[in-house]
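The values are calculated or read from the model by the stated rules, or taken from the named source; none is laboratory data. On a predicted model such as this, the values are computed, not experimentally measured, just so you know. Backbone-built Cβ (ideal geometry, glycine too); neighbour counts: all protein chains shown. Just so you know, the surface numbers come from the protein's heavy atoms only, side chains and all, with ligands and any DNA or RNA stripped out. Shrake-Rupley method; radii C 1.70, N 1.55, O 1.52, S 1.80 Å.
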Amino acid sequence: MTVKHKLLQSARLPAALESRLAQAYDVHLLWAESDPLRFLEAQGHGFDTLVTTATVGASKDLICALPALRVISSFGVGLDKLDLETARRRGVAVGYTPDVLNECVADTAFALLMDVVRRVSEADRFVRRGEWRNGPFPLSTRVSGKRIGIVGMGRIGRVIAKRSLGFTMPVRYYSRRPALDVPYERMASLVALAEWADFLVVATAGGPEARHLINAGVLDALGQRGYLINIARGTVIDEVALVDALVSGRIAGAGLDVYENEPQVPEALLGLDNVVLLPHVASSTEETRKAMGDLVLDNLQSFFSRGYVQASALE
Ligand code: DGY
């Protein structure tokens, strides 16, 4: 009889993935523990495998509480909540789920953009309230042909750029390092990109280096006719500055999938019609969540059969 690896699951996962994990591993649900710290103190030494998500991640404390840990497999592409340095130092392999979600996240960026700029949700509310009977809905703003500035030209930024070409939008971008294999112009600064763009789409990785990259100065450069879309991480934007810019009309509107303190959404945004708010669902389609789940399992299987995870976050 083969002994199953002891796997600690620190976050809720789609039911289908949970049952596949439970078939192949000896799973314990840390998220269901009433006192996780006490559990870790008593039982943490027994686990060689940790499965988590991009939003829950794995802190230094958690990794250190699992002395036998050999591999982490994370459901998601974001690495901002995973302490990669501690994992590297401890010799723990880290797998994640890049690429398989690019298309859906880019679709969501466009859903938000179309919605807020063409006032789709606002017009829907107008119809439901019965206001159409009193007169026509006000004009919105054209999307096609407008200038799109992309912050971060990584895997997802590139797919957003590809979508933009279908809308005949001139594309420019800003990222710390130039993306040498793309045909789009890289602007010298974020402020220069925001000044040029009609729509500024944030698609950069989160983490301390990107914290508050979009600040009041960038929002002022985007200006009264500019729209901001964020499908990256809430922490990339100074949320207080964003709320202020939206409330005072210093930018035209925003489409947001992510927030600084999820699931908290700033109260001031809830009553604004020039904002579309999503609950961090950019990759949440049946197809993409299935592909992410497959990769979580493949990463573990590849680690235990060949000694390395298929998609490593440590490279
Ligand atoms: C990701 O994969 O990082 C998504 O944002 C879900 O957290």
- Please calculate how many Å² of accessible area region 119-236 carries per residue, with a 1.4 Å probe and no DNA, RNA or ligand atoms counted. 53
- Degrees between helix 286-306 axis and first principal axis of the chain (Cα, 0 to 90, nearest 10): 30
- What number, in percent, do you get for the relative contact order of region 1-160 if the mean sequence gap of Cα pairs under 8 Å and at least 6 apart is divided by its residue count? 16
- Message: Run the reach check for residue 146 against lysines, Cα to Cα strictly under 26 Å, same-chain hits fewer than 8 apart removed. What comes back?
- Response: 162
- To the nearest 10 degrees, the tilt of helix 155-166 (Cα long axis) against the first principal axis of the alpha carbons of the chain is 30
- Per DSSP H run of n ≥ 4, the term is -39500 (n - 2.57); total these for the chain, divide by its residue number, and report the mean residue ellipticity at 222 nm rounded to 500 deg cm²/dmol. -10500 deg cm²/dmol
- With every protein chain in place, what's the accessible area of residue 71 (1.4 Å probe, Å², nearest 10)? 0
- Message: Could you give each residue of region 222-237 its phi-based ³J(HN,Hα) in whole Hz, using Karplus coefficients 6.51, -1.76, 1.60 with θ = phi - 60°, and x for Gly or Pro?
- Response: 5, x, 5, 9, x, 10, 10, 10, 10, 10, 9, 9, x, 5, 5, 10
- Note on the structure: The relative contact order of the chain, taking Cα pairs under 8 Å that sit 6 or more residues apart, comes to a percentage of 17
- Query: Which order do peptides 37-50, 275-288, 187-200 fall in by mean Cβ count within 10 Å, highest first?
  - Reply: 187-200, 275-288, 37-50
- Note on the structure: Averaging 1/r across every pair of distinct alpha carbons in the chain and inverting yields a Kirkwood hydrodynamic radius, in angstrom, of 21.0
- Note on the structure: Expressed as a whole-number percentage, the relative contact order of region 100-255 with C-alpha contacts under 8 angstrom and at least six residues apart is 22
